[in-house]
Amino acid sequence: MASPDVRKAGVIGWPVAHSLSPALHRYWLKRYRIAGEYEALPVAPEALKEFIKHMPQEGYRGANVTVPHKETVMPFLDEVDESARAIGAVNTIVMDRGGLKGFNTDAYGFAENLRQYGFPAARNKAVVLGAGGAAKAVCHALAKERFAQIVIAARTAAKAKAIAKALPIKTSVIGWENRSAALEGADLLVNATSLGLQGGESLEMDLSRLPETAIVSDVVYTPLDTPLLKAARARGNRTIDGLGMLLHQAAPAFEAWFGVRPEVDEETRKQVLACISGR
Ligand code: NDP
């Protein structure tokens, strides 16, 4: 067991071995010379409640939460902040004056990634593919960043409609088969599905109606340069990969647990990329 002087956090998931969070947080711990530990914490769904209950006495300052616990963890926390309640999922837990508080930093991470590499010149229309957890965070970020309109193209209309209903801006839901036609006049296209993920199904997309000034972003980061991003770049669109979202969502959590706001810079990217390519 770590000494009480060593600050401890980790990532809770099932399975969790694939998570890049340990490599990222351990790199920052070393870089900022902090006496801390960050562990991969495999917790089965039926063990989640007990695990969360014992986190404070086990000395955890907090944790990241990943699939499949992001939604189911919420009732086991003492408090859930507004961003996590709006998105309906928690990805970060922080020990706060004796209680466990849940946050969602995915929307922040998505927006900061765009900020770092440049938002589109206009924020009139964004097309978001998918209606899962990542899509929810992306849509909330776009609403906060004052896009005028979001079009969600999703396979499961009910999930997309639920996202649209919770957003404070004009949002329309279209069938998955209409996704390419919806690109007319778009300033931003975001793939927030799991399509394009290494070893999985590919994303079929006709980009011919997308304006050349539009930015194309993908939440998938393995591979880093997804077929969608390659196709977009080949026709002159600027692209932003999904790794930055992962790095930026981690920064406020690291600060809350370890007391230092880490920099999301090229060296951080390099360290995590080395971990991806070493797999
Ligand atoms: P979910 O399972 O919650 O959502 C997946 C989405 O993809 C759903 O809308 C699903 O549709 C859709 N989808 C899957 N297969 C198809 C298909 N054949 N046709 C149409 N739609 C399809 O996963 P998450 O949202 O949590 O994650 C999605 C991706 O985002 C993952 O690759 C994950 O690694 C990545 N991610 C990246 C982050 C980052 O920091 N860069 C952060 C979070 C996630 P349906 O609802 O109909 O099943």
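The values are calculated or read from the model by the stated rules, or taken from the named source; none is laboratory data. Computed from a prediction, not measured in an experiment: that's the story for all the values here. Positions of Cβ are generated from backbone atoms using ideal geometry, with glycine treated the same way; all protein chains shown enter the neighbour counts. For accessibility, only protein heavy atoms count, side chains too; no ligands or nucleic acids. Shrake-Rupley method; radii C 1.70, N 1.55, O 1.52, S 1.80 Å.
In the set (1) under 21 Å from the mean Cα position of the chain (by Cα); (2) more than 17 Å from His248 (Cα to Cα); (3) open to solvent by less than 50 Å² (accessible area, probe 1.4 Å), Ser19 fails one condition alone, (2). Applying the condition of being within 12 Å of the ligand (Cβ to nearest atom) and assigned to a strand (DSSP E or B) to the stretch 93-133 and asking which residue is surrounded by the most Cβ atoms within 10 Å (Cβ to Cβ) yields Val128.
When you look at Ile12, is it in contact with a Gly (Cβ under 6 Å, 6 or more places away or on another chain) and either open to solvent by 50 Å² or more (accessible area, probe 1.4 Å) or part of a strand (DSSP E or B) (or both), yes or no? So Ile12 does not fit the description; no. Give me the residue from the stretch 96-125 that is under 17 Å from Arg61 (Cα atoms) and charged (D, E, K, R) and, out of that set, modelled with the highest pLDDT. Per the stated criteria, the residue is Lys101. Selection of the stretch 135-173 for residues being closer than 16 Å to Ser217 by Cα and aliphatic (A, V, I, L, M) yields Ala135, Ala137, Val138, Ala141, Leu142, Ile150, Val151, Ile152, Ala153. Here the stretch 150-165 is the region considered, the condition is being open to solvent by less than 60 Å² (accessible area, probe 1.4 Å) and more than 12 Å from the ligand (Cβ to nearest atom), and the residue that is nearest to Ala121 (Cα to Cα) is Ile150.
Take the conditions (1) touching a strand residue (DSSP E or B) at 6+ places or on another chain (Cβ under 8 Å); (2) without any contact (Cβ under 8 Å) to a residue 40 or more places away in the chain; (3) open to solvent by 10 Å² or more (accessible area, probe 1.4 Å); Gln57 misses just one of them, which is (1).
For the stretch 134-149, filtered to residues that are under 14 Å from the mean Cα position of the chain (by Cα) and either basic (Lys, Arg) or open to solvent by 10 Å² or more (accessible area, probe 1.4 Å) (or both), the residue that is farthest from the ligand (Cβ to nearest atom) is His140.
Considering Ala256, Ala234, the condition of being in contact (Cβ under 8 Å) with a residue 40 or more places away in the chain and small (Gly, Ala, Ser) is satisfied by Ala256 alone.
Within the stretch 64-92, which residues are surrounded by fewer than 16 Cβ atoms within 10 Å (Cβ to Cβ) and of a type in the set (A, V, I, L, M, F, W, C)? Within the stretch 64-92, Val67 is the sole residue that qualifies.
In the set (1) assigned to a helix (DSSP H, G or I); (2) within 29 Å of Gly199 (Cα to Cα); (3) open to solvent by 50 Å² or more (accessible area, probe 1.4 Å), Lys30 fails one condition alone, (2). Within the set Gly200, Gly185, Gly236, the sole residue that is in contact with a strand residue (DSSP E or B) (Cβ under 8 Å, 6 or more places away or on another chain), more than 16 Å from Leu114 (Cα to Cα) and open to solvent by 30 Å² or more (accessible area, probe 1.4 Å) turns out to be Gly185. Number of residues in the stretch 253-270 that are under 16 Å from Ile34 (Cβ atoms) and within 16 Å of the ligand (Cβ to nearest atom) equals 4.
Scanning the stretch 33-61 for residues that are in a loop (DSSP other than H, G, I, E, B) and of a type in the set (Gly, Ala, Ser), which turns out nearest to the chain's Cα centre (by Cα)? Only one residue fits best here, namely Ala44. Could you tell me which residue of the stretch 248-272 is nearest to the chain's Cα centre (by Cα), considering only residues that are among the hydrophobic types (A, V, I, L, M, F, W, C) and closer than 23 Å to Met55 by Cα? Here the answer is Ala250.
Tell me whether the stretch 212-230 contains one or more residues that are in contact (Cβ under 8 Å) with a residue 60 or more places away in the chain, out of contact with any strand residue (DSSP E or B) (no Cβ under 7 Å at 6 or more places or on another chain), among the aliphatic types (A, V, I, L, M) and buried (at least 17 other Cβ atoms within 10 Å of the Cβ). No, the stretch 212-230 contains no residue that is in contact (Cβ under 8 Å) with a residue 60 or more places away in the chain, out of contact with any strand residue (DSSP E or B) (no Cβ under 7 Å at 6 or more places or on another chain), among the aliphatic types (A, V, I, L, M) and buried (at least 17 other Cβ atoms within 10 Å of the Cβ).
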